[in-house]
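The next block holds one structure in the form of structure tokens; read it before the comments.
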Amino acid sequence: MEVPPVLETGEHRPCKWNWCCRLLMAAMAFCFIAMVIGFGIYTLWTPDTAPDPPECLSPVCLEAADRLSATVDPFSQPCDYFHFSCRSRVVSRGRQRGEITPYHGSDKVDTEDGKRNVRKRTFMETDILHDRQTLLLVSIRDILEIRDRTASPDSPEEKVRRFYHSCMNTDAVENLGSQPFLNLIQQVTSTNLGGWPASGHWNRTDFNSTLIKLMNQFNTFPFFTVYVGRDQNSSLGSPSYIQIDQPEFQLPIEWDSISQTSKAKTESLRSFLTFSLQLFTLLGVPPKTKSMHNGLYIALSSELARAAMPLQYRLHNNMMYQRLTVHQLQQLAPAIDWLGSLKATFHPLPVNQSDLILVHNLPYLQHMSQTINKWLLRHEMMGSGPVHTFMMLSLLYTVIPALDSRFRETLRNQSFSQGKPEEEVPNWISCVLQTEKGFDTLLLHMVKERNTNREAEELVNTIHSAIQTKLADLSWRNKDFQSSILKKLRSLTPRLSTWNKMDKKKLTQLYSEVVIGENKYFTNYLQSLILQQRRWCRLLSEPVQFDIMSISPSVSGDDILFPIGMFTPPWFHRLYPRAVNYGLLGFLMAKDLLHLLLPDIHSYSDTPETVSVCVWSQYMSVTEGPGRVGTSVLSQSQKQEVWVQYTALQVALQAYLKSFQWCRNDSALFGLSHTHLFLTSFTQVSCDPIPHHELMAFEPSFLVSVICANSDLCPSWLACSTEQLQLSQASC
């Protein structure tokens, strides 16, 4: 009999199903573990373990590579910090030690037959990498030298460029001599300054009407200084006030602490007499009368200066930031039409008798008022007009930058005779600075358009985050202070200090009435003075103003403001490899922030002392014999600066590595990439001269050796050509 097949029942199905489940769960677990391992490898992956990145070949990268080729590669010449100081350090690979390589910026990039041709220009030959302020001027100059043939000649951008080019046209300025100034004070126009007695042509204009014209149209304040600012005795959020102070006297004066008055310096009086006579001569004043007018000018200057007081004396005697209404000041110093003068200066903003102003030397203003009334009365019938001459010479000092070189040379010689030699700067720097004075708002917008972008914002935020992590790991003596500083740092929002209220339409409106000619610098300069006067109005009406020339971060309310002047080549460019941006500007940012937020950290933490001693001991261990630099003991300020710069380098490197967690690509430069490129870029700015480099006891590029000795981030071991570095194994 055939046995029927055994039928599968429900009792057998669970066994097979459990086996499948176990197999599936094991496969899922294996995949999960593989994912965890992969993620771990991905997280721990460092840039230098990645495949070779592509070389950056953009024009800005080729320029950066050219600069990089003139610096010391710490991995091929690791001991060069023994031979250089921050005052003589730029050495090209392959050149002899000590040979200086000047900075070059590209003038123009041409393309011909498919080949790139870069014409070079040397901008200043010096023995250190140029400071940030100068490089910001270079960046602004590059913006001003670009001529857009398609742009409207009435656009603000073309107006500011015409102003700059008219300033650079020195031949046109020299050919005119003193005639533009003489025309200005003698012409019968709406300004109607009425000539001046020294020239023999004066229509005896009213004193206050002339003063108002000088303040309103020429940004000139002969007898006092007017500016806008906050009350330093109030909170940071206090409003801005009109402030009135004593003027800067051209006559050299000194303070007599016994009589508590100022007087002309006896040893300087003769040279100042010669100087002012030269000005009268340059202005064509007849020899028969110039001695008399010069004598009256010096006598009036001396009498006015008697009530001038040094700042420290006024601070000690609570004479600063004294609050008065315009009406009260009028009663105390009646010779000046204060309401009329201030209305003219701040037009179209309203100024009323009841408005509060801040006065910084009321006794001087009272003395000035009495002196003017006395001199007006004494010389009115004589027709000598020394008060008017004083005002015209004050106007001359204002416009000297727009006159021929004889005036500037005379002024420079006078400064030299007073023991205050002025360094002669290149004409392009003077022209950039003069352009900025009148067109600061427009230039701020143009620099922002060129330099700030997503890469800049990433750098700001990553450095800020890395500093928070670093400070949390410090050893603090006071836990309350630690909590306070970390809480403050977390509450501060890092942001670029770009003034975004001025869009293109508002900028066009702001400069709509400005007329700038091609080769008429003196006339253009007068337009700039009007723009400078209008800036006072904006300072009163706008809560926050950003200085285009600022190059250091600052705290404002709940924000850490990073000025856009920091984000300029060669410190930063959006097309640079990130290693360059973090090694250059990232380090400087971190250093600035540590100085800003922790000016006296050694009082609250033991870490700076420990780290600086560790770094210094490593330096001393490899600088034996005649090559030793510095002393065996560091001062407290030196210890703090060593800690600041070493920590800033750590922060910048950590921030750079962290940036790879967000975006894992970067390009190479000059055959270098990632950490190697970062550290080599750092050596270009390790001697940043603003403002703490003199506190460093050694060449800061030595910090690369310390970083590499205490981590496995460096691409190779640093070995001197003559000896192996025997750095301490203690981690700093």
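Considering region 358-396 alone, what residues qualify as being part of a helix (DSSP H, G or I) and of a type in the set (S, T, N, Q)?
From region 358-396, those part of a helix (DSSP H, G or I) are 362-379, 386-396; that's our starting set.
Selection gives 366, 369, 370, 371, 373, 389, 394.
Residues checked against (1) over 26 Å from residue 186 (Cα atoms); (2) crowded, with 16+ Cβ neighbours inside 10 Å; (3) polar (S, T, N, Q):
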position	(1), (2), (3)
238	yes, no, yes
244	yes, yes, no
247	no, yes, no
267	yes, no, no
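Answer yes if at least one residue in region 425-445 is free of Cβ contacts under 8 Å to residues at least 40 places away in the same chain, in a helix (DSSP H, G or I) and not small (Gly, Ala, Ser), and no otherwise. Please lay out each step first, then the result.
Step one: filter region 425-445 for residues free of Cβ contacts under 8 Å to residues at least 40 places away in the same chain, giving 425.
Restricting the remaining residues to those that are in a helix (DSSP H, G or I) gives none.
No - not one qualifying residue is present in region 425-445.
Looking only at region 168-200, which residues are more than 21 Å from residue 405 (Cα to Cα), in a loop (DSSP other than H, G, I, E, B) and out of contact with any Pro (no Cβ under 8 Å at 6 or more places or on another chain)?
Here is the first cut: in region 168-200, the residues more than 21 Å from residue 405 (Cα to Cα) are 186-200.
When the remaining residues are screened for being in a loop (DSSP other than H, G, I, E, B), the result is 187-194, 200.
Within region 168-200, 187, 188, 189, 190, 191, 192, 193, 194 qualify.
Got a sec? Which of 366, 353, 328 is in contact with a Ser or Thr (Cβ under 9 Å, 6 or more places away or on another chain), at pLDDT 95 or above and either of a type in the set (S, T, N, Q) or closer than 17 Å to residue 308 by Cβ (or both)?
On the way: 366 fails: in contact with a Ser or Thr (Cβ under 9 Å, 6 or more places away or on another chain); 328 fails: in contact with a Ser or Thr (Cβ under 9 Å, 6 or more places away or on another chain).
Criteria check complete, one pass: 353.
Filtering region 468-523 down to residues that are of a type in the set (D, E, K, R) and not in a helix (DSSP H, G or I), which residue is farthest from residue 435 (Cα to Cα)? Steps first, answer last, please.
Just the residues of region 468-523 that are of a type in the set (D, E, K, R), to begin with: 470, 473, 477, 479-480, 487-488, 490, 495, 501, 503-506, 513, 518, 520.
Now restrict to residues that are not in a helix (DSSP H, G or I): 473, 477, 495, 501, 503, 513, 518, 520.
Details: 473: 47, 477: 50, 495: 27, 501: 21, 503: 20, 513: 17, 518: 14, 520: 14 Å.
By that ranking, first place goes to 477.
Looking only at region 291-304, decide whether some residue is surrounded by fewer than 17 Cβ atoms within 10 Å (Cβ to Cβ), within 23 Å of residue 394 (Cα to Cα), touching a residue at least 60 places away in the same chain (Cβ under 8 Å) and small (Gly, Ala, Ser).
yes
Looking at (1) assigned to a helix (DSSP H, G or I); (2) surrounded by 18 or more Cβ atoms within 10 Å (Cβ to Cβ); (3) touching a Pro at 6+ places or on another chain (Cβ under 7 Å), which is the only condition residue 399 fails?
Exception for residue 399: condition (3).
I need a count of the residues in region 546-573 that are surrounded by 15 or more Cβ atoms within 10 Å (Cβ to Cβ) and assigned to a loop (DSSP other than H, G, I, E, B).
Final tally of qualifying residues: 15.
Would you be able to say whether some residue in region 325-338 is in contact with a helix residue (DSSP H, G or I) (Cβ under 9 Å, 6 or more places away or on another chain), without any contact (Cβ under 8 Å) to a residue 24 or more places away in the chain, of a type in the set (A, V, I, L, M, F, W, C) and crowded, with 19+ Cβ neighbours inside 10 Å?
So the first thing to find is which residues in region 325-338 are in contact with a helix residue (DSSP H, G or I) (Cβ under 9 Å, 6 or more places away or on another chain), and the list is 326-327, 329-330, 332-338.
From what's left, without any contact (Cβ under 8 Å) to a residue 24 or more places away in the chain: 330, 338.
Then keep just the ones that are of a type in the set (A, V, I, L, M, F, W, C); that gives 338.
From what is left, the residues that are crowded, with 19+ Cβ neighbours inside 10 Å are 338.
Looking for residues that are in contact with a helix residue (DSSP H, G or I) (Cβ under 9 Å, 6 or more places away or on another chain), without any contact (Cβ under 8 Å) to a residue 24 or more places away in the chain, of a type in the set (A, V, I, L, M, F, W, C) and crowded, with 19+ Cβ neighbours inside 10 Å, one finds at least one in region 325-338, hence yes.
Given (1) touching a strand residue (DSSP E or B) at 6+ places or on another chain (Cβ under 6 Å); (2) more than 30 Å from residue 591 (Cα to Cα); (3) among the polar types (S, T, N, Q), identify the lone condition not met by residue 418.
(1)
Quick check: is even one residue across region 201-214 in contact (Cβ under 8 Å) with a residue 24 or more places away in the chain, more than 30 Å from residue 427 (Cβ to Cβ), among the polar types (S, T, N, Q) and in a helix (DSSP H, G or I)?
Yes, region 201-214 contains a residue that is in contact (Cβ under 8 Å) with a residue 24 or more places away in the chain, more than 30 Å from residue 427 (Cβ to Cβ), among the polar types (S, T, N, Q) and in a helix (DSSP H, G or I).
Kindly evaluate residue 545 against the criterion of being closer than 28 Å to residue 230 by Cβ and either modelled with pLDDT under 90 or in contact with a helix residue (DSSP H, G or I) (Cβ under 7 Å, 6 or more places away or on another chain) (or both). Lay out the reasoning, then the answer.
On the way: closer than 28 Å to residue 230 by Cβ: yes; either modelled with pLDDT under 90 or in contact with a helix residue (DSSP H, G or I) (Cβ under 7 Å, 6 or more places away or on another chain) (or both): yes.
Against the criterion (closer than 28 Å to residue 230 by Cβ and either modelled with pLDDT under 90 or in contact with a helix residue (DSSP H, G or I) (Cβ under 7 Å, 6 or more places away or on another chain) (or both)), residue 545 qualifies.
Just to be sure before I move on: is residue 164 hydroxyl-bearing (Ser, Thr, Tyr) and assigned by TED's automatic domain parsing to the domain that holds residue 386 in the structure I sent? Let's see the steps before the verdict.
Numbers: hydroxyl-bearing (Ser, Thr, Tyr): yes; assigned by TED's automatic domain parsing to the domain that holds residue 386: no.
Against the criterion (hydroxyl-bearing (Ser, Thr, Tyr) and assigned by TED's automatic domain parsing to the domain that holds residue 386), residue 164 does not qualify.
The values are calculated or read from the model by the stated rules, or taken from the named source; none is laboratory data. A quick note: this is a predicted structure, and the numbers were derived from the prediction, not measured. Methodologically, a virtual Cβ is constructed for each residue, glycine included, from the backbone with ideal geometry; neighbour enumeration extends over all protein chains shown.
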